[in-house]
Structure formats: structure tokens, C-alpha cells
Amino acid sequence: MSFTATTEPESVNAPDEFPAQYDAAATEAAIYARWQQAGCFTADASRSSRVGGDREPYVIVMPPPNVTAILHVGHGLNNAVQDVLIRWARMKGFEALFVPGTDHAGIATQNVVEKQLAAEGLTRADLGREEFVARTARFVAETGGVILQQLKAIGTSADWSRTAYTFSPELSGAVREAFVQLFDRGLIYRGHRVIHWCPRCLTSLSDEEAEPKETTGSLYHVSYPVADDPSRSITVATTRPETMFGDVAVAVNPADERYASLIGKHVLLPILDLPIPVIADEYADPAFGTGVVKITPAHDANDFEVGKRHGLPSPVVIDMHGVMNEVIDAAGRVPQALRGIDRFDARKTVIAQLEALGRLVKKETHQHNVRHCYRCDTVVEPRLSDQWFVRMAPLAEPALEAARTGRVRILPEKWVGVYEHWMTNIRDWNISRQIWWGHRIPVWYCGACAAPHNVIASREDLTTCPHCGSPVQQDTDVLDTWFSSGLWPMSTLGWPNENSSDLKAFYPTDVLVTAPEILFFWVARMIMMGYAFKGETPFHTVYLHGTARDTEGRKMSKSLGNGIDPMDVVSLYGADALRYTLIAGMGLGADVFLDPADLDKSFATGRNFATKLWNIGRFLLMNVGTAAVRPFAEVKTDELSRADTWILGRLDIAIRECDRSIGPAKAASGIWPADELTAGLRLNEFAETARRFVWNELADWYLEASKSRLLTPGADAEVARAVLVHVFDQALRLLHPIVPFVTEALWQRLPGHVDGTFLATSSWPVAGEATSDARGAQFEVIKEIVEAMRRVKSEYGVAPGKPIDAFAVTSASIRDVLHDEATMLTRLARTTLTFVDTAPAGAAANVVLSGGTELIIPLEGLVDVKKECEKLKTELAALEKQLTALEGRLANPGFTDRAPATVVAAERAKCAEWATRRDLLRTRFEGLCGKV
RNA sequence: GGGCGAAUAGCUCAGCUGGUUAGAGCGCCUGUCUUACACACAGGAUGUCGGGGGUUCGAGUCCCUCUUCGCCCACCA
């Protein structure tokens, strides 16, 4: 599909260009091009009310996909939600801005390029840093951003003139500003500690990037002989025997009496026969394993803390590649034979040696969490190193407060607790990465100055020390890619330039739509950064949507091969089908289930709906034509038919329900009141309401009711045309946010369409005053009669098209209505109706309707009197039972006194209704079957 | 180990602060090419609302408990 602009006008309504099936592929690209050409999605900062303009802004910043990413269903889902919201806001009259962009994705992108290099037999070291970064930048420039083109194909109405990139010069400036400010405030510091290290990516990872995975491993019990009394020994339990060469002590709990006598003595590290002390530390849990834990400060974060408390050294025996070696302070600690051996191979060797020495007491299977690199799934190695950290507690405080006070709400609500828990137990964030692709840490080191002047954070590149003029060296690490993502809502709008017109007009933004997986990675950090630099939350609503899964409930992923390519769906059924299926099938925060093996079935909902919509348009244009239509506003109430009044009433209800489902765009006061904290954003309800209106009400009933009217030229036909066009126009508006292409295509063809205007930028429907209307209710009676006739025909095997006579016993007022609407009735029910005062005798099907109307349909030869009596009897018995229960309830003062008056009134009315019905059924039964 | 959530038709889910005879889509069965649509139309079947207990005039909805799934967090080596 191409998105080159076209100046070709949309074809007009030639029947041959209006096939029965909607051809999405032929329509969508051209429509998108015209939207773009007309600037429908380009926001105008000067119109924002924040800078004196006439419109309130409504802003969504897109979670930037990785620059090398290819669109998958997850992106589709994410952008469908955002696009529904932004299109709705645009139509509502907000100055709507949807900011698109991509993320440079440090480790992920570097991995891609390194893989390419590997194919050429090269490593990044072969290229050197500068050349590697240049090559990666070239790769990104050439192939990156494909996903943005794909987003256009699914209808994303983003403002492409504002496309951002986390690694652009502007956003890199924002990153430096943020770093330096936090550094100056003492919130960024350099720490020497054990962090998560990926021996494949050769970089440190944050706690969030090292994903715990439940693993079945082994717990080895190893006995360490006591140095001065080889007859005694102490047994430690470990899952990682290969780290024993880095042991500097064994720890027992000070309260553990079993080992009290050994505290202060030394034990011999097996294989090496190296004496190490037995120390007492609370960290040792008497209940776990043997109650003795080996202390390996360089290779376990907890052991490191223990070692620090006891002033122990930290020998490093595993290098950056995860290979056994005497790295630091470890001379003589790693046996020659193990040096250069991978940690997991070394484990096997160590176990074998321990076994040979008789030191392996036992081995038991053990369930535990092992952390893996979130990018390459390699088992993470705890590693002692110097890293940059952000002090999080002070930043978390206002972000936590914001959620508690309703300045920011998180939907679905269940995530609020998760957010609060994480925020209150937040740990410092390791932001340095030992890779090359990313924002280099803006810190320079001076060899001549003394601390703290030897470490300089600077907004500008430095070559010499600002204190002494000596040459300086920049830190070689780059920042965690999420550091720049954390600034996204601000940086894309121009921060740190406080004079940026976008920043003034559009910041803070409104809704952030993303998956819950990155609540901590990203969302929480954006909120914290928002408070740190702008003193307020960057958005007032966080919408966390579900995940796309296959029929077995597995998450769709490239590695499992169970994904669906949204572009396939677009070319097969169109973007609208994709969007409708996703939106309609996704409850707030709920997962979407699709079958990658059966796209036809998976997207039938959306495809069928788009076709239905298309065909309503087709009917309308073929029957209403293209000739000018009376403006709806000029049509007077008393000219309207019952069907008109009914459909207009249903339209108002649909509009109100859609509004309620999407909810308030923002909190009026800036703080969400309790009753709005979880309101709105039910896009599936919105879709269902609109679908029901268009399909089950407009198409199934109103259109059918209009057919006879449209066929007879005259004043009433003109009214029907006006109402039909008006209602369809409104319906297209309601549906446009979900299915933008087909609605736009149809809207442009409506009679009276003004060239150059777009549904995408037209106004959202406004519901009329809610009034009770008798004529609309009369249409409901007709509907009920038609349904009853159809049911009877189907039940008794009468061909649907076969005309039969039916008799209605009813009140004078309803009889008048039925007289008026005889043509329509006959057409819809394919049956002629005669009005009588008493039921004719003979075999007949009998139906009692809600208003007390009785339908008698003589079916000589078809009705089995005995069977009919059985049926009536069953129906009567059921009704009597329910009626008795209802009467009992109404006789109960506990109900009548305590229940709301409206409920009681409704129950009373129902009771009367049922009683009438029962009487009718009884009379009928006695007439047909005699006394019981 | 701690915390949170869910359990409603064959499947995926609605059911808002307790108040009509519990709904939708898909699937299933029957009939229909009715001049917009067979990607359609008309009609139909299917639920002890996970088990048990409780509060209430009234419970799918609130409380307790059990069972089963899911999610998040956590340094038990």
C-alpha cells in the first residue's frame, strides 16, 4: 500500500463504483492521503486556550515504538485505542494533538546491529566506538521508522509534522539538561555495588530490566572443614557452587545455637583449602538450607552488603563475559584448570571435584527465581562495578501523592495498588549502560582536581577542566534508554525550552495509553520526571490496556511465532476491520484473544461490520439519491412519522450512551473527583452502543420502515430522506473514531456534502433533550407485532414470504396506529392484519403482547390443538408463578417501604401488566381447550 | 513468601453504587438469494452466575470461607 498524496477526487456515486462488498484496500490509502493533505491531524499551538486560543487542548503522546520495530498487534492495539480517543477529542472540538515518534532503544538496537556485524564476522570492537555508532545511526536512518508508515496504514491520526525521536539533537539536549539538573540536586550519584550484568550484552541492567524467571535448579550442600579441627565441618547450601572461589566468609545467624561455638573460627574453602572466617550476621536465615550461607561479596548483592558490614574483601572470580577468571583481588583463587571456563561449565566441574573430595553432602532440586536479560534472555550475572544511580525516593514522593490525590488516575483501577506499592518501596535506579548506542553520560573526569571537582556534569561537551584547565575525559557509559523515554511527554513538546510554543500550548498532556508491563519502566518514571522538572504530572490519566493473545492464551510474540501481522489484516480486510475488532473485543484492561491460524474468523466481526456500514450507505445512496435533501433542521416535528420519531429518540440515547462510555475528557478542576476516578474509557461499550444503534436499530428497523415511504414520491418521502440522511450522518460521526476510513468514504458521498470538508474534522453529535414521546413508543408496538408475526410463522413452518391473515384484538388507540401504519406493517411482517373486537373461533396461534394487544393468527391445519393447549398451559403456569412471587413482594412492607419509589412503581406497573396478560391467556385457553 | 485481581452460555467477555423474566459478539440449529448487504436476513436452543455459609424485604452484585486460575512484588543463599 502506498501513501503518496493524490489529488484525484473521490469517485461520486456511480453504481458500478459502489460494489456490494466494501473494498478497503482500494479506499483507505487515498483517504489517508487526503486527510494528510488537508492537514486534518496537524495541531495549531496558537489555538490552544493555554496561550489565549479558542480551544482547549487535548494531547496524547504516543509510546514511542523502537525505531527498528515492525508493527505487531500490540502496537496496533495500543494505537487503535489512542487514535479512537484523539479522533473523538478532535471531533469534540478540542485542539487535538497526537505526538508520534520512535525510541532509539539502546540495547535492542545495538543488538540488531551487532547481529549484522556478526554475520560479517565482525564485532563492535573491530569497528571501534565512533564507527559503530555511526553505522548504527546509518542503519536507523535507512531502515528505521518503517513502523511509522505502518501506523498510517492503520489510520493513526498523529501529527506527523511533530514526529520525535529520543536520540534527535533536540531530545538529546533534553536528556543532558535532565541529567545535569538531577546531578546538581544531588539526585544522581556514582555507586560501587553489585548490579545485574548481562554477560552477552556486556552491560549492566536496571532491576526492572533483569526479569526474574521461575527456574528449577539445584541446591548443593557443601561441607567446609573447620580449620583447626578437621574432624568438624560446617555445611553451607548454595545454588551457585562455582562462586565459591570468591567466598570470603561463611555466615550464620547470631541467634542460631547450632553454630554459636564456631563463630570467630575459620573454615577451609574446599578445593582451595583457603581459610575463611565464620561470621555472625542477621542475613543468615536459620530456617533456610543448613542455616549457613557462604559470603561471596563480588557475586551477590546481599553478600556484598554483608561483606561491607564486616569489612571483608570482594574478590572477583567471574569476568564480564561470565567466564571464570582471577579478575580483581582474586590472585590464587581460581584453579588454573577453570580459568577461561564459562560459569555454567565451571559449575559442573566444581560439583564433580567437590564430589571427588567427599565435600558434596547432598544435592536437592530447588525452585527459585533466576534473573534474565529482558533483551536477550541470558542469565544475568550479579557483578560488582561502578555505576550511575538516580536516588528515587525523593522523586517518588510527589508522584505517589499525585495518584493518591487524584491528579493522576490509573485505569483499570487494580494497577493503582501495584503502582503505590512499587513507589513506596522504590529502589535507586541504575542508569548507566556499558554499551555504545545511546546518550553518552554527560560527565567528565579531571585527573588533576581533587574530589568533588574531579567529576563534572556538563550541558556542553568539555575538553578541559573548568576548574584547572587540565584535559578531561568523558565517562564511557551511555544512559539507560528509559532515561530519555522518561522525559518523552516534555521533551517532544520542546522542554527544556520553556518558551517553546508547543510546551506552553500542549503541556501537560492528557492521556497516556500503554501496556501494564511498562508501568514501572516508563509510566512511573515519566510521572516522577514530570514532577521533578515541571512540578506537575505529565498526564492526568493512565490507560493500561491488555495484551494480544492466541487462542491458547499465550502472549503473541515473534519467538513463539504466534503473532498476527496487522499489515496482513489491513490488506485482507482493511484497517477499519482491524480497529473495530480490537476495540470492540477489548474490555478495559482485558486481553484480546485472536487466532493467528484463522484471520478470517478472528477479524470477521470488524470486516462484517465495515461491510454492513458500507451497505447501509449503499442503500441510502441508491434510494435517497444524490439530489439535494431538505435540511433536517427545517423538518417540523409534526411532519415526522412514528418511525422517524423513534429512530431520532434512539439516536439521542445512543449518543448519550457513547458519551458516557468514553467519559469525561478531563477533570474539570484538574483533580479527578471520586465519582470520575474510574469513569469512561470503556471503548468496547462505546463500540457496542454505536454498533447496536446502526445495525439493530437503524438498519434492521428504520431502513426497512423507510422503504415504502421512499418509493412513493411526495412530502413524506422528502421527510424520510431528510431524516435518513441526518441520522446516518450522525451515526457516521459516532463511529468515525473507531472505523475512520469507511465512515469518511461514506460521509463524503452523502447528499449535500461540501467539497473539501472531512468527517475527521467535523463535529461530534450532541444529544437532544430527553423527552418521553408517545409516537416513538407506538413504533415499539408495531415492532413487537412484527416480531410476533415472524415468530409464529417460523414456529409453524409458514414460509416467511407467504401472506397470511391475522387478527388483532386491541384498544381503539392502538387500532388507529395500526390503521395508519398498515402499509409498513404488511411490508415488515408480510402479513395482512384485520382488527376485530373478539377473537375468531378455530385453530389459531395466539400471542399476547405487552400492551394487552392480542394477536390471533388462524392456521387451519397447521395448529395442533392439543399441542397448542400444552403450550398455553405451560406459559400460563410460568406466568402465574412469577405473578404470585411479584404480588408477594408488593404485599411485603419490607419491600414497599424500603425500596426506592421508582422501583416500587415499576414493579406495580409490571404486576398489572402481567395480570392482564394472565387473564387474556386464561380466556384464550378456555376458549380453545375448554375448562381445565 | 507477601499483595492484588478474576471465576457468568461451547469460546471471549458485559452486567455501573444490590431492585424487571441475566445480556452481546463469535460459534451452534432451522428457514430464506425478501429489489443495501449470504461478510446478509428471519427465527431458535443453551446459564444450579466456581462450591459452601452469611447479611437483606430482595444477592450474579455486599461479607466470610473453600477451590481453581491469573497478575504484580520479594535478597531466602
Can you name the number of the only condition in (1) modelled with pLDDT of 90 or more; (2) part of a helix (DSSP H, G or I); (3) not β-branched (Val, Ile, Thr) that A:His321 fails? (2)
So in region A:733-748, with the set limited to residues that are in contact with a helix residue (DSSP H, G or I) (Cβ under 6 Å, 6 or more places away or on another chain) and either outside any helix (DSSP H, G or I) or without any contact (Cβ under 8 Å) to a residue 40 or more places away in the chain (or both), which one is surrounded by the most Cβ atoms within 10 Å (Cβ to Cβ)? A:Pro737
Right, A:Ile647: under 23 Å from A:Glu704 (Cβ atoms) and within 15 Å of RNA strand B (Cβ to nearest atom) or not? yes
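Search region A:429-456 for residues being closer than 29 Å to A:Glu114 by Cβ and without any contact (Cβ under 8 Å) to a residue 40 or more places away in the chain, and hand back the single one that is surrounded by the fewest Cβ atoms within 10 Å (Cβ to Cβ). Steps first, please.
Going residue by residue through region A:429-456, those that are closer than 29 Å to A:Glu114 by Cβ are A:429-445.
Of the ones still in play, those that are also without any contact (Cβ under 8 Å) to a residue 40 or more places away in the chain are A:440, A:444-445.
On the way: A:Arg440: 18, A:Trp444: 21, A:Tyr445: 14.
Top of the filtered list is A:Tyr445.
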Scan region A:873-883 for residues that are within 10 Å of RNA strand B (Cβ to nearest atom) and either open to solvent by less than 70 Å² (accessible area, probe 1.4 Å) or outside any helix (DSSP H, G or I) (or both) and report the count. 3
Scope region A:825-870; condition surrounded by 15 or more Cβ atoms within 10 Å (Cβ to Cβ) and over 15 Å from A:Ala806 (Cβ atoms); matching residues: A:Gly851, A:Gly852, A:Glu868, A:Cys869
Any residue in region A:135-160 that's within 25 Å of A:Gly39 (Cβ to Cβ): show its pairings with residues that are of a type in the set (Lys, Arg) and assigned to a helix (DSSP H, G or I) at Cβ separation under 9 Å, as long as the two are six or more apart or on different chains. A:Ile154/A:Arg579; A:Gly155/A:Arg87; A:Gly155/A:Arg579; A:Ser157/A:Arg87; A:Ser157/A:Arg90; A:Ala158/A:Lys152; A:Trp160/A:Lys152
Single residue of A:Asp595, A:Asp510, A:Asp600, A:Asp565 found to be among the acidic types (Asp, Glu), closer than 24 Å to A:Ser661 by Cβ and either modelled with pLDDT of 85 or more or open to solvent by 10 Å² or more (accessible area, probe 1.4 Å) (or both): A:Asp510
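Just checking, does region A:440-458 include any residue being under 32 Å from the mean Cα position of the chain (by Cα), in a loop (DSSP other than H, G, I, E, B) and modelled with pLDDT under 95?
Taking region A:440-458 first, the residues under 32 Å from the mean Cα position of the chain (by Cα) are none.
Among the residues of region A:440-458, not one is under 32 Å from the mean Cα position of the chain (by Cα), in a loop (DSSP other than H, G, I, E, B) and modelled with pLDDT under 95, which makes the answer no.
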Being modelled with pLDDT of 85 or more, open to solvent by 40 Å² or more (accessible area, probe 1.4 Å) and under 54 Å from the mean Cα position of the chain (by Cα) is the filter here; which residues of region A:216-254 pass it? A:Arg240, A:Pro254
Cross-chain or 6+ apart pairs with Cβ under 9 Å, region A:799-822 first and over 20 Å from A:Ser708 (Cβ atoms) and open to solvent by less than 50 Å² (accessible area, probe 1.4 Å), then in a loop (DSSP other than H, G, I, E, B) and among the acidic types (Asp, Glu): A:Val809/A:Asp837
So A:Ile154 passes all but one of these: (1) open to solvent by less than 30 Å² (accessible area, probe 1.4 Å); (2) under 27 Å from A:Lys115 (Cβ atoms). Which condition number does it fail? (2)
If we keep just the residues of region A:578-605 that are free of Cβ contacts under 8 Å to residues at least 40 places away in the same chain and β-branched (Val, Ile, Thr), which is nearest to RNA strand B (Cβ to nearest atom)? A:Thr605
Could you list, in sequence order, all residues of region A:812-857 that are in a loop (DSSP other than H, G, I, E, B), modelled with pLDDT under 80 and within 16 Å of RNA strand B (Cβ to nearest atom)? A:Leu849, A:Ser850, A:Gly851, A:Gly852
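Being touching a Ser or Thr at 6+ places or on another chain (Cβ under 8 Å), open to solvent by 50 Å² or more (accessible area, probe 1.4 Å) and assigned to a helix (DSSP H, G or I) narrows it down to one residue among A:Val140, A:Val112; which is it? Lay out the reasoning, then the answer.
On the way: A:Val140 fails: open to solvent by 50 Å² or more (accessible area, probe 1.4 Å).
Sole residue among the options that is touching a Ser or Thr at 6+ places or on another chain (Cβ under 8 Å), open to solvent by 50 Å² or more (accessible area, probe 1.4 Å) and assigned to a helix (DSSP H, G or I): A:Val112.
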Test: A:His368 is open to solvent by 40 Å² or more (accessible area, probe 1.4 Å) and closer than 20 Å to A:Pro275 by Cβ: no
Report every pair of residues separated by at least 6 positions or lying on different chains whose Cβ atoms are under 7 Å apart, first residue within region A:416-428 and closer than 11 Å to A:Ala396 by Cα, second in a loop (DSSP other than H, G, I, E, B) and more than 6 Å from RNA strand B (Cβ to nearest atom). A:Ile426/A:Met392; A:Arg427/A:Met392; A:Asp428/A:Arg391; A:Asp428/A:Met392
Can you tell me which of (1) over 29 Å from A:Asp755 (Cβ atoms); (2) at pLDDT below 90; (3) not hydroxyl-bearing (Ser, Thr, Tyr) is the one A:Pro19 doesn't meet? (1)
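From the list A:Val248, A:Val236, A:Val226, A:Val252, which residue is out of contact with any Phe, Trp or Tyr (no Cβ under 6 Å at 6 or more places or on another chain) and within 11 Å of RNA strand B (Cβ to nearest atom)?
Only one candidate qualifies: A:Val236.
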Checking A:Arg407 against (1) in a strand (DSSP E or B); (2) open to solvent by 30 Å² or more (accessible area, probe 1.4 Å), which test does it fail? (1)
Selection over region A:235-257 where residues are under 26 Å from A:Glu326 (Cα atoms) and either aliphatic (A, V, I, L, M) or part of a strand (DSSP E or B) (or both) yields a count of 9
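Determine whether A:Asp568 is away from RNA strand B (no atom under 12 Å from the Cβ) and under 14 Å from A:Val73 (Cα atoms). Lay out the reasoning, then the answer.
On the way: away from RNA strand B (no atom under 12 Å from the Cβ): yes; under 14 Å from A:Val73 (Cα atoms): yes.
Against the criterion (away from RNA strand B (no atom under 12 Å from the Cβ) and under 14 Å from A:Val73 (Cα atoms)), A:Asp568 qualifies.
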Could you grab the pairs with beta carbons closer than 9 Å, sequence gap of 6+ or different chains, first residue in region A:491-513 and assigned to a helix (DSSP H, G or I), second one of a type in the set (Gly, Ala, Ser) and at pLDDT below 95? A:Ala505/A:Gly53
Hits in region A:884-899 - residues which are loosely packed, with under 14 Cβ neighbours inside 10 Å, more than 6 Å from RNA strand B (Cβ to nearest atom) and over 24 Å from A:Asp919 (Cα atoms): A:Pro893, A:Asp897
Residues being of a type in the set (D, E, K, R) and open to solvent by 20 Å² or more (accessible area, probe 1.4 Å): count how many of those fall in region A:514-528. 1
Considering (1) open to solvent by 50 Å² or more (accessible area, probe 1.4 Å); (2) in a strand (DSSP E or B), say which one A:Gly332 fails and leave the rest. (2)
Residue check: is A:Ala690 assigned to a helix (DSSP H, G or I), more than 11 Å from RNA strand B (Cβ to nearest atom), in contact (Cβ under 8 Å) with a residue 40 or more places away in the chain and more than 18 Å from the chain's Cα centre (by Cα)? yes
Looking only at region A:523-577, count every residue that is closer than 22 Å to A:Gly155 by Cα, in a loop (DSSP other than H, G, I, E, B) and acidic (Asp, Glu) and tell me the total. 1
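The values are calculated or read from the model by the stated rules, or taken from the named source; none is laboratory data. The structure displayed is predicted, hence computed values, not measured ones. Don't worry about glycine lacking a Cβ; one is built from the backbone with ideal geometry, like all the others, and counts go over all protein chains shown. To get the accessible areas, we keep the full protein, side chains included, count just its heavy atoms, and leave off ligands, DNA and RNA. Shrake-Rupley method; radii C 1.70, N 1.55, O 1.52, S 1.80 Å.
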